[in-house]
Amino acid sequence: MTTTLAGGRASRRRTMRRIRPRRSPAVPLLTAVWAGAAGVVWLWWTNTPSIDGTGGKVLNAGRITGLLAGYLMALVVLQMARVPTLERRVGSDRVARWHAMSGRYTLCLVLAHVFLTMWGYALQGGKSLGDIVGQTVESVERLPDMGKAAIGTGLLVAVGLVSIGPVRRRMPYDTWYHVHLFTYAAVFLTFWHQITTGNDFAVEPAARTFWYGLYGAVTALVIWYRILTPIRLNLRHRMRVEAVIEETPGIVSVLIGGSRLHQMGAEAGQFFRWRFLAPGMRFSSHPYSLSAAPRPDLLRITVKAIGDHSARLRELTPGTRVWAEGPYGALTASRRSRGKVLLVAGGVGITPMRALFETLPGAAGDITLLYRANSTQDLALWDELTEIADERGARLMYAVNSPDGDRPDISAESLRRKITDIDRHDVFMCGPSGFAQSVYEALRGAGVPARRIHHESFEM
């Protein structure tokens, strides 16, 4: 059984009258980040006297690694705050990659700071590298707020360990997610020793004021966007499950009703983080894309059962309350810069592509959808896609394995053969990371500029 949600024409009218691509603020943001790091290095340099002896050199190396770690730590939390400019303009997947990279650098800098500082103290006290453990214990007992910092560092190490690729892939998403939240506690605990024991903040009141301002602003953004904004959204729209419908074996659509849903600002191609207040699911929040154009009274997600949470969606009953956060994601019509568009979907990545296929403005022949699946039975929402293609004069293609299991050819040559003017298209793409990488390379080989390949991945 399939579900069909009307509303494509209205959504196309709301999408855009003319093609006016909205530029990502990623470059200005990264420039500001590097400028801040340069400011931290300048602060260290201006407050560093002439250095004598090995102990002084090691201790000052510990100072700069600590300052950079403190700066990056604030950015790590900022990347978790779900600020709309980041989530909807830069892209949630890109911000997630920034967060992961920043987290790795932060942890390395924190460990380097602890090691170098304790070694420097030991050398200045006439001790050797072998006495570093004893020096660490002594510093924790003697210096203000060092006990808090030690606990915070331990939490950061724990979060870093569970975020290592092989460990993360073997851990349930909910477990990883809740362990990851200890990052907030770690940052809070390590912050205070920066102020009380950091020489740079003791001698530079302006630097101390800036540090308070940086961490205070980040804290305010986290409270506003992670706590207050979701509370306001859910109290206002009061969402509940309307129905659960099986689309194909292992794939279900969940229809979600509520009040004034069109005022949530959701666009085709975006996703929410959904929490269903049913037994066994209340403490799980997962990202699922909208699989149809938002309607004033109805939203829809379509999900493949690939984990405990997604498999339990079929058990939801009408009336179940829904808690959502969003909308997030930058895979929207505002990224478009050309009249012709190719949409590429791999597996369950069809959900945002289906919504865009329905809503992207375009004349007959302007919109093409390429849908990759293992078999024709896995082509979820195919009847809807066919109906949309017929109504709009759009082109619908699928690529499935042969009866012998051979994979279809999606190469630069095959793409150019099937879409002769592919180099004049914008391309929107969503699917597993391996699939997305191979298609990206094929598109580049077919002459599509990187700036016109728009993709988003929700793999954690």
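The values are calculated or read from the model by the stated rules, or taken from the named source; none is laboratory data. Predicted, not measured: the structure shown is a model, and the values here were computed from it. Because the Cβ atoms are built from the backbone with ideal geometry, glycine has one as well, and the counts that use them run over all protein chains shown. The area values use the complete protein model at the heavy-atom level, side chains included, leaving out ligands, DNA and RNA. Shrake-Rupley method; radii C 1.70, N 1.55, O 1.52, S 1.80 Å.
Between the alpha-carbon centers of region 196-219 and region 287-307, tell me the distance in whole angstrom. Going from one Cα centre to the other spans 44 Å. Positive contributions from Lys and Arg (+1) and negative ones from Asp and Glu (-1), summed over other residues with Cβ under 9 Å from the Cβ of ALA324, come out at +1. About its Cα centre, the dipole of the chain is roughly 1400 debye, where the only charges are +1 on Lys and Arg Cβ and -1 on Asp and Glu Cβ.
Computed packing ranks the peptides 28-36, 349-357 as 349-357, 28-36, most packed first, by mean other Cβ atoms within 10 Å.
DSSP bridge analysis restricted to the chain gives an antiparallel fraction near 55%, rounded to the nearest 5. The angle separating the long axis of helix 53-79 from the principal Cα axis of greatest extent in the chain is about 30 degrees. Dipole size of region 250-345 about its Cα centre, with +1 on Lys/Arg Cβ and -1 on Asp/Glu Cβ: approximately 240 debye, rounded to the nearest 20.
Heavy atoms only, probe 1.4 Å: what % of the accessible area of the chain goes to carbon and sulfur, would you let me know?
Numbers: 13020 of 21890 Å².
It is 59 percent, rounded to a whole number.
Is region 395-460 best put as rounded, prolate or oblate by its Cα gyration tensor, with a ≥ b ≥ c the root eigenvalues, rounded for a/c under 1.5, and otherwise prolate when a/b is larger than b/c, oblate when not? Taking the square roots of the gyration eigenvalues as a ≥ b ≥ c, region 395-460 is oblate. Would you mind classifying region 232-380 by shape? Square roots of the alpha carbon gyration tensor eigenvalues, ordered a ≥ b ≥ c; an a/c under 1.5 is rounded, otherwise it is prolate if a/b is larger than b/c and oblate if not. Oblate, because a/c is 1.5 or more while a/b does not exceed b/c.
I'd like the orientation of helix 382-392 relative to the chain: the angle between its Cα long axis and the longest Cα principal axis, in ° from 0 to 90, rounded to 10. Orientation of helix 382-392: about 70 degrees from the principal axis. When you restrict to C-alpha pairs under 8 Å that are six or more residues apart and normalise by the size of the chain, the relative contact order lands at 16 percent. Each of GLY160, HIS99, ILE453 was placed along the dipole of the chain (beta-carbon charges, centred on the mean Cα), and the one lying farthest toward the positive end is ILE453. The aspartates and glutamates within cross-link reach of LYS148, meaning a Cα-to-Cα straight distance under 18 Å and a gap of 8 or more places when in the same chain, are GLU138.
Once you order the gyration tensor axes a ≥ b ≥ c over the Cα atoms, which shape class does region 103-259 get: rounded for a/c under 1.5, otherwise prolate or oblate by comparing a/b with b/c? It comes out oblate by the Cα gyration axes. Please determine, in degrees from 0 to 90 and to the nearest 10, the orientation of helix 26-46 with respect to the longest principal axis defined by the Cα atoms of the chain, where the helix direction is its Cα long axis. Helix 26-46 sits at roughly 0 degrees to that axis. Summed over the residues of region 120-175 and divided among them, the accessible surface reaches 58 Å² per residue at a probe radius of 1.4 Å.
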